[in-house]
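Since every read-out is calculated from the coordinates, none of them should be taken as a lab result. Computed from a prediction, not measured in an experiment: that's the story for all the values here. As a convention, Cβ positions derive from the backbone with ideal geometry for all residues, glycine included, and neighbour counts pool all protein chains shown.
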Amino acid sequence: MDRQGNTYTFLYASVMVIVVAALLAFVSESLKDQQNKNVEVAKKIDILKSVNIASSASDAEALYEKHIGANAFVVNLKGDKVDGDAFTVDMAKELKKGADRAYPMYICKLDDGTSKYIIPVRGKGLWGPIWGYVSLNEDKNTVFGATFGHKGETPGLGAEIEKEPFQTPFVGKQIFDESGNFTSIKVVKAGLSKGDIHAVDGISGGTITSQGVRAMLEDCLKGYENYLKN
Amino acid sequence: MSSEKEPLFSAKNLKLITTPLGAQNPITIQVLGICSALAVTAKLEPAIVMGISVTFVTVFSNLVISLLRNTIPSRIRIIVQLVVVAALVIIVDQVLKAFAYEVSKQLSVFVGLIITNCIIMGRLEAFALGNKPWPSVLDGVGNGAGYGLILIIVAFFRELFGSGTLTLPGLGTLQIVPESWYIANGGFYSNNGFMILPPMALIVVGIYIWVQRSRNKDLIES
């Protein structure tokens with residue numbers, strides 16, 4: 001056959017595309033289980049990090065089972081438990097739903113016998129989604145720990161939200177004021193949070209990401225108000 | 001296969017591996033693939049994984065294209081090369097996601113961007129299309145290793161001076177600069193935060209090129 005002719009060229013391209021597509025489909029299918037498991041383990045590491053339990057890919061599952069296990073459930077806006085598995089709730093989809101959103105909740109029993117309430121949060125940064133986990137003490141008001149992650153915030157600026165200097169100040173802050181009104185935790189201009197029990201310092205140069213964290217906390221924590229007050 | 005009398009590792013074939021490490025290095029001499037060299041060299045581990053990934057892609061894309069070189073219609077040869085490279089890159093990405101999840105998160109989009117790495121298309125066009133499979137494989141090994149070598153050298157200096165640590169696959173993060181040296185612990189030392197930012201990768205590569213050219217006068221343009 002003429003190797004420079006149209007028929008040959010079209011045939012060549014078609015066969016090549018089919019062969020490559022079949023190969024890639026096979027690779028993707030055979031690795032899928034392992035990949036999904038990695039995503040799950042990464043999520044467990046994040047959840048445990050919010051209660052200051054450091055874990056790695058090898059021990060995250062065992063630690064999660066030990067401290068949280070079946071103590072994960074879904075609540076609704078009224079604060080009642082509803083059907084559903086907290087771990088598989090897709091936060092990105094829930095955020096678009098409005099009032100009938102599912103609110104996942106994890107209760108973690110620490111080695112010292114206390115229980116911590118872990119709330120997943122998700123919102124928008126400057127370039128893409130940001131997310132995290134906030135854990136509350138047994139008074140359901142004081143923050144015990146917080147951890148945040150992001151898809152693609154600017155390194156050195158917005159991306160600092162995933163580092164300790166930003167996350168540590170959340171410890172000890174409160175999300176309700178003395179008369180029980182929901183205040184959330186504000187992220188304010190760096191240096192202005194001194195003495196404010198409801199605010200932490202934002203990141204200089206990462207203002208939009210900092211404001212994204214503030215909006216994320218307000219939006220996601222507010223839905224738990226009824227549950228936390230019961 | 002007329003030249004099968006030629007030994008597999010003849011002097012000519014070995015040269016295909018060694019010249020890209022030095023005198024024909026894809027990054028420092030041909031200045032290809034700079035973009036990813038800047039992005040993934042803040043820590044040693046992603047740099048090593050990136051070097052291995054690129055080597056895998058250069059070797060197998062060179063092999064496949066060389067095997068097909070007499071059948072590829074010349075009008076769509078770039079498309080054929082792209083499909084082969086893209087397929088290999090997707091396989092690398094999927095394997096990393098399954099077996100090296102943490103590293104694959106750090107490399108993020110840069111694994112996908114191997115597709116656009118100039119080294120790979122450059123070697124396919126310049127070498128694999130006109131040479132037999134075995135020399136093409138060696139050429140792929142050489143150029144992938146030449147790329148990886150620079151990445152590892154740059155990442156070594158950036159991580160050592162930027163974070164005071166070295167992160168090796170399987171060993172985790174090793175603290176190289178003693179903790180007691182740091183100002184926070186009453187010492188005199190502080191990490192150079194500038195080393196972690198991308199511009200410093202360019203400067204480290206520049207210093208490497210300077211050293212390389214001053215040692216090898218043949219590389220200096222008149």
Could you tell me how far the Cα centroid of region B:59-92 sits from the Cα centroid of region A:157-200, in Å?
54
With springs only between Cα atoms under 10 Å, which of A:38, A:52, A:141 fluctuates most in a Gaussian network model of chain A?
A:38
List the aspartates and glutamates whose Cα sits under 19 Å from the Cα of residue A:93, skipping any in the same chain fewer than 8 residues away.
A:40, A:83, A:85, A:218, A:219
Round to the nearest 10 and give me the degree value, 0 to 90, for the angle of helix A:207-222's Cα axis relative to the longest principal axis of chain A.
70
Which of A:43/A:163; A:163/A:229; A:49/B:105 have a Cα-Cα distance over 23 Å?
A:163/A:229
Hey, in the GNM for chain B with a 10 angstrom Cα cutoff, which one of B:90, B:52, B:183 fluctuates hardest?
B:183
Structure shown: which of A:81/A:194; B:15/B:217; A:124/B:97; A:37/B:43 lie over 29 Å apart, alpha-carbon to alpha-carbon?
A:81/A:194
Quick check: the distance between the Cα centres of region B:146-162 and region A:86-103, to the nearest angstrom?
43
Averaged over peptide A:150-160, how many Cβ atoms belonging to another chain are found within 10 Å of each residue's Cβ?
1
Checking rank on A:178-185, B:195-202, A:128-135, with mean other Cβ inside 10 Å and highest first, the result is A:128-135, B:195-202, A:178-185
What ranking do B:83-89, B:176-182 get when scored by the average of other Cβ atoms within 10 Å per residue, highest first?
B:83-89, B:176-182
Report the residues of region A:162-183 in range of a label on residue A:225: point 7 Å along Cα→C-beta, backbone N strictly under 19 Å from it.
A:174-183
Which residue fluctuates most in the GNM of chain A (Cα springs below 10 Å): A:145, A:123, A:156?
A:156
Based on alpha-carbon centroids, what's the gap between region A:6-34 and region B:9-40 in Å, whole number please?
31
If you count, for every residue in A:26-32, the Cβ atoms of partner chains within 10 Å of its Cβ, what is the mean?
3
Modelling each spin label as a point 7 Å along the Cα-to-Cβ direction, I'd like the residue B:70/residue A:204 distance in nm, to one decimal.
6.9
Can you find, among B:163, A:20, B:11, the residue farthest towards the positive end of the dipole of the protein assembly as shown? Put +1 on the C-beta of Lys and Arg, -1 on that of Asp and Glu.
B:11
Pick out the long, greasy-scoring helices in chain B: whole DSSP H runs spanning 30 Å or more along their own axis by Cα, mean Kyte-Doolittle at least 0.5.
B:44-68, B:77-99, B:133-163
So, with +1 on the Cβ of K and R and -1 on the Cβ of D and E, and no other charges, what is the size of the charge dipole of region A:44-137 about its Cα centre, to the nearest 20 debye?
420
Given the peptides A:114-121, B:136-143, arrange them by the average over their residues of other C-beta atoms within 10 Å, most packed first.
B:136-143, A:114-121
Under a plain spin-label model, where a point goes 7 Å from the Cα along Cα-to-Cβ, how far apart in nm are residue B:110 and residue B:176?
1.7
Compute the orientation-averaged projected area for the protein assembly as shown from the convex hull of its Cα atoms and round it to one decimal in nm².
29.4
Work out the mean other chain Cβ neighbour count within 10 Å for the residues of A:200-210 and drop it here as an integer.
0
Relative to the Cα centre, what is the charge dipole magnitude of region B:24-216, using +1 at the beta carbon of each Lys and Arg, -1 at the beta carbon of each Asp and Glu, and rounding to the nearest 20 debye?
560
In deg cm²/dmol, rounded to 500, what helix-only [θ] at 222 nm does chain A give when every DSSP H run of at least 4 residues adds -39500 (n - 2.57) and the total is split over its residues?
-11500 deg cm²/dmol
